[in-house]
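Visitor: Following this message is one structure expressed as structure tokens.
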Amino acid sequence: MRKIVIAGNWKMYKTQEESAEFLNGFLPTLEDTPSDRDVVLCVPYTDLTVLSQNLHGSRVMVGAQNVHWASEGAFTGEISAKMLTEIGVRYVTVGHSERRQYFGETDDTVNQRLRAAQEAGLTPILCVGESKQERDDGDTENVIFEQLKIGLEEVDQNNLVIAYEPIWAIGTGDTCASEEANRVIGLIRSKLTNQDVPIQYGGSVKPENVDEIMAQPEIDGALVGGASLKPESFARIVNFN
């Protein structure tokens, strides 16, 4: 049975003090959240320990925003999977479009990170999606299928979440139509060996559109950017109807 995973991606926002303030406003909103929903906060490295300490025993699990493929070594500025699990991290996003666009991430390095995360017991959230130009050119399916083919090689699909994030909808306010997101996510699922892998939609998810998005039969959750930065808006998304 497919589970629902709602994850907030804070990107490069919030100091430790600000993250503690967020939790004070957010945690009380989860008293009536259905138990079948995994709630995750993927935060900057400096916030991970603060969240892990404050979320112990709560409904919310801690996620990181990236992980290196090596267990240790001369990789200045990188963080290994065992460094994350040591402080209670459970999830990690891998292959986000911003990592691909600005920091040279490739499908091959995404695959290496996925496997390293799983070997350490982390659940990776694999991000896939097409650019505006690729969509306009009719290449949406080809781009995503290639990302899946390379990214999922030797990856355990029993410990995996996938997020479909059309790049043109991230942070733009231009949400992909829910029916189209559902169609693409159905195509993604058709390429998987495990049909129960949760597949999220990400891209300008907001309190105003989350109910429509989550009503789609193929969509198992959301990867939320800007709307996850405020306790009240993220709470509304987590507690979608």
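FYI, it's all coordinate maths here, none of it is from the lab. This structure is a prediction, so every number in the text was calculated from the model and none was measured. Neighbour counts run over all protein chains shown; Cβ positions are idealised from the backbone, glycine included.
Visitor: Report the relative contact order of the range 37-96, percent, no decimals, based on alpha-carbon pairs under 8 angstrom and at least 6 residues apart.
Guide: Details: 86 pairs, mean separation 22.8, N = 60.
Reported as a whole number, the value is 38 percent.
Visitor: So if I place +1 on the C-beta of Lys and Arg and -1 on the C-beta of Asp and Glu, and nothing else carries charge, what would the dipole magnitude of the range 4-238 be about its Cα centre? I want it in debye, nearest 20. Kindly include the intermediate steps, with their values, before the conclusion.
Guide: Numbers: 19 positive and 37 negative charges, 84 e Å.
With only Lys, Arg, Asp and Glu charged at Cβ, the dipole is about 400 debye.
Visitor: Which of Leu30, Ser97, Cys127 sits closest to the plus end of the dipole of the range 4-238, meaning its Cα is farthest towards the positive end, when Lys and Arg get +1 and Asp and Glu get -1 on the C-beta?
Guide: Leu30
Visitor: Would you tally the net charge around Leu41, using a Cβ to Cβ cut-off of less than 14 Å, leaving Leu41 out, and scoring K and R as +1, D and E as -1?
Guide: Details: positive: Lys11, Lys14, Arg37, Arg59, Arg90, Lys230; negative: Glu18, Glu21, Asp38, Asp47.
Combined, the nearby Lys, Arg, Asp and Glu give +2.
Visitor: Within straight cross-link reach of Lys206, meaning Cα distance under 29 Å, which lysines are found once same-chain residues fewer than 8 apart are removed?
Guide: Once the sequence-local lysines are set aside, what remains near Lys206 is Lys3, Lys11, Lys14, Lys132, Lys191, Lys230.
Visitor: Take His56, His68, His96 and order them by how many other Cβ atoms sit within 10 Å, fewest up front. It would help to have the intermediate numbers written out before the result.
Guide: Values: His56 9, His68 20, His96 29.
The most exposed by this proxy come first: His56, His68, His96.
Visitor: With a sphere of radius 15 Å drawn around the Cβ of Arg59, what net charge do the other residues whose Cβ falls strictly inside it have (Lys, Arg +1; Asp, Glu -1)?
Guide: Values: positive: Lys3, Arg37, Arg90; negative: Glu31, Asp32, Asp36, Asp38.
Net local charge, Arg59 excluded: -1.
Visitor: Rounded to the nearest Å, what's the spacing between the alpha carbon centres of the range 66-135 and the range 157-195? Just the number, please.
Guide: That distance is 18 Å.
Visitor: Using a 10 Å cut-off around each Cβ, can you sort Ile87, Ile4 from fewest to most neighbouring Cβ atoms?
Guide: Working: Ile87 15, Ile4 18.
With the sparsest Cβ surroundings first, the list reads Ile87, Ile4.
Visitor: Could you state the number of Å between the C-alpha centres of the range 16-44 and the range 197-241?
Guide: 14 Å
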